[in-house]
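Undergrad: Here it is: the structure, laid out below.
The values are calculated or read from the model by the stated rules, or taken from the named source; none is laboratory data. Everything numeric in this text was worked out from a predicted model, so none of it was measured. Here the Cβ positions follow ideal geometry from the backbone for every residue, glycine too, while neighbour counts run over all protein chains shown. Calculation scope for accessible area: heavy atoms of the full protein, side chains included, ligands and nucleic acids excluded. Shrake-Rupley method; radii C 1.70, N 1.55, O 1.52, S 1.80 Å.
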Amino acid sequence: MARKSRLTRVAVKIGTAMGKADRKVQKVAKAGTLARKELDDIAKQVDALKRQLQKTAKRLKHALS
């Protein structure tokens, strides 16, 4: 069997490093997408609470006058 050349060994190392980096990038992108979705959900909850507070304040103001 022929021995692998130095160029082939280096190419394999480069390919391996690129594969590892690609997997890390995919994990980070997935985590970022999940965080964005959670942030949108929290923003919706805050808006709902804000509207509820405005209604309550309006009722209280009406009751005190």
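Undergrad: Any idea what log10 I(q)/I(0) is at q = 0.23 Å⁻¹ for the range 21-65, Debye with uniform C-alpha scatterers and no solvent?
TA: -0.77
Undergrad: Moving to a separate point now. Starting from 0.36 nm per residue, how many nanometres of slack lie between Leu34 and Lys50 once their C-alpha separation is accounted for?
TA: 3.3 nm
Undergrad: Roughly how many percent of the accessible protein surface of the chain is carbon and sulfur, given a 1.4 Å probe and a whole-percent answer?
TA: Ligands and nucleic acids excluded, carbon and sulfur give 63 percent.
Undergrad: Could you report the chain's accessible area per residue, 1.4 Å probe, as an integer in Å²?
TA: On a per-residue basis, the chain sits at 105 Å².
Undergrad: Determine the dipole magnitude for the chain: charges of +1 sit on the beta-carbon of Lys and Arg, -1 on that of Asp and Glu, nothing else is charged, the reference point is the Cα centre, and the result goes in debye to the nearest 20.
TA: Computed charge dipole of the chain: roughly 320 debye.
Undergrad: Scan the chain and hand back the longest stretch that contains none of the trypsin sites (Lys or Arg not before Pro) lying in DSSP loops with at most 13 other Cβ atoms within 10 Å.
TA: 5-65
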